[in-house]
1. I'd like the full set of residues that are over 10 Å from residue 329 (Cβ atoms) and among the acidic types (Asp, Glu), limited to the stretch 347-377.
2. Can you tell me how many residues within the stretch 231-277 are without any contact (Cβ under 8 Å) to a residue 60 or more places away in the chain and either buried (at least 22 other Cβ atoms within 10 Å of the Cβ) or not acidic (Asp, Glu) (or both)?
3. Considering each residue of the stretch 382-425, count those that are part of a helix (DSSP H, G or I) and either among the hydroxyl-bearing types (Ser, Thr, Tyr) or under 17 Å from the mean Cα position of the chain (by Cα) (or both), and give that number.
4. Looking only at the stretch 330-359, how many residues end up being in contact with a strand residue (DSSP E or B) (Cβ under 9 Å, 6 or more places away or on another chain) and either of a type in the set (A, V, I, L, M, F, W, C) or more than 19 Å from residue 280 (Cβ to Cβ) (or both)?
5. Which of (1) in contact with a Leu (Cβ under 8 Å, 6 or more places away or on another chain); (2) farther than 28 Å from residue 333 by Cα is the odd one out, the single condition residue 127 does not satisfy?
6. As an exercise: evaluate residue 160 against (1) modelled with pLDDT of 95 or more; (2) assigned to a loop (DSSP other than H, G, I, E, B) and give the number of the one condition it does not meet.
7. Residue 283: out of contact with any Ser or Thr (no Cβ under 7 Å at 6 or more places or on another chain) and more than 24 Å from residue 402 (Cβ to Cβ), yes or no?
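The values are calculated or read from the model by the stated rules, or taken from the named source; none is laboratory data. Given the structure is predicted, the values throughout are model-derived calculations rather than measurements. Cβ: placed from backbone, ideal geometry, glycine included. Neighbour counts: every protein chain shown.
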Amino acid sequence: MPGMKTLGVLVALLMAVTACGDNHATGPDAPDAFVLPCSDDDLVTSLQAIPGITSVSRESCGPGVLGAAACFVIDFPQPVDHRAPDSPTFTQRLRLAHRSCTAPMVVADWGYASFGFFDNELSALYETNTLWIEHRFQGESIPSSFDWQWTALTIENGATDMHRIVSAFHALYAGRWLVTGASKGGITALYYKYFFPDDVDGAVPYVAPASRERIDPVYQARLDAELPNPCAQRIRDLQIESLTTRRAALVQKIHDELGGGFENYYLEVLAGGLDWGFWQARGLQACSDVPPAAATDDQVWNFIYYVNGGPHPAVDEVMSGSALVYEWLTEQGFALQVGAHVAPLLQDPDAMATMEQRFVQMNPTVPLPPFDGSVTAAVRTWTRDEAEDVVLVYGQFDPWTGGALDEPTRTTSARYFVPGANHSAAITDLPEAERAAALAHVSRMLDQQPTGSLPRARQAASETAARLDAKLRQVTRASSVVVR
């Protein structure tokens, strides 16, 4: 380790580099990149030498990280608004799983509050380090109430958060870098790669939805047109039955099991979005679980409960839930999730409320600007025409695939649809030839062949999908994201 004076000079120089939020040439191959000593035996000291880090603590990796690794929780201050030189700051929470100073790094901002230490299929298959970034204004990465600025919840600010973090960590991890993420984290990875294409060596976004409007109807149109029958039709019929001929019996079931006061609301929320929830989280392999027309009311209720995981809203930070909705309503857009076959059957005013109405009800003093989808539209065009080293992965029957980006035209990029898959689509589930082609792209980006086993990677993919599904359910309920 260098002397304190030498280290101080390195820190000062690196701070000057990482402070430049508009500098795109700070990747591992940048000629002016600085290097700090990385010690596998004393990583705390190595991490503490990174400029900007204010806290490093070692924690148990838990069962989500496969094999040997050292895990750390790290605090990294960020400007609330990167566009404002005098912006107040907030502390962004990072989680690092370290395997080796020389291993590649897989980095992601998953779009939500942190869901712990874990491997995804890429880090398991290539035995990389991972750096998971908690999204701004989520979980523990929130400003004080005095410094909270709604207008700072922009796509570009989120991308710049990642840029400052990755630029700082490049000083310690000089190997190849890959950005990834799934769902909201998938599109977040693309936003980051769009704004800072030279920061990392490649991007693998999973099930990344790029919405076209504040509430985009294309998702529902695709859901109606492309999902397989008779399974999809039976689910639609079940929704209609639940809201008509079975309504009274199901309302009574909810009253008996969950208490009174919100029975119609719960029923309409759960039954109204049943098809979406089924195809997002359960999928083709669960078609045999769909109750037939002759099923009892108990069987129907148990199925609805099973698909939705229960109607009770999860306990979550109200401001963080509203922050997610603000991002969707202002720039990122969301999906129309209740189809035309059930929308006329909804009666409860709360169940019929739009996302915008819910946000205004929860935050009556917050100005909500008109929707501006220009960044996502630009990312759509860039991904199709210009993006290098991007591999897109979607599930064939995932309702969020209605927001899939166009197939990239550059030969270093590609798009794959996992046959029959839902929102948990993974490269390891592709047919053999396509899997080999996708992994050839990843291997080129990381400059190494896979060293982990395929079963190990599949296990990590399955566990990552479960974590993401649990988070999606939590934020959806906490944010009351049910739209007509």
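1. Correct list: 348, 350, 372.
2. Kept after step one, since they are without any contact (Cβ under 8 Å) to a residue 60 or more places away in the chain, are these residues of the stretch 231-277: 231-235, 237, 241, 245-263, 266-267, 270, 274, 277.
Okay, now just the ones that are also either buried (at least 22 other Cβ atoms within 10 Å of the Cβ) or not acidic (Asp, Glu) (or both), so 231-235, 245-255, 258-262, 266-267, 270, 274, 277.
The number of residues fulfilling the criteria is 26.
3. First, pick out the residues of the stretch 382-425 that are part of a helix (DSSP H, G or I): 382-385, 399-403.
Applying the additional criterion that residues be either among the hydroxyl-bearing types (Ser, Thr, Tyr) or under 17 Å from the mean Cα position of the chain (by Cα) (or both) yields 383, 399-403.
Residues in the stretch 382-425 being part of a helix (DSSP H, G or I) and either among the hydroxyl-bearing types (Ser, Thr, Tyr) or under 17 Å from the mean Cα position of the chain (by Cα) (or both): 6 in total.
4. So the count comes out to 6.
5. Result: residue 127 passes all but (1).
6. So residue 160 meets the others, but not (2).
7. Details: out of contact with any Ser or Thr (no Cβ under 7 Å at 6 or more places or on another chain): yes; more than 24 Å from residue 402 (Cβ to Cβ): no.
No: the conditions fail for residue 283.
Listed here are the residues, each with its yes/no results for (1) surrounded by 23 or more Cβ atoms within 10 Å (Cβ to Cβ); (2) at pLDDT 95 or above; (3) within 19 Å of the chain's Cα centre (by Cα).
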{"site": "52", "(1), (2), (3)": "no, no, no"}
{"site": "57", "(1), (2), (3)": "no, yes, no"}
{"site": "68", "(1), (2), (3)": "no, no, no"}
{"site": "115", "(1), (2), (3)": "no, no, yes"}
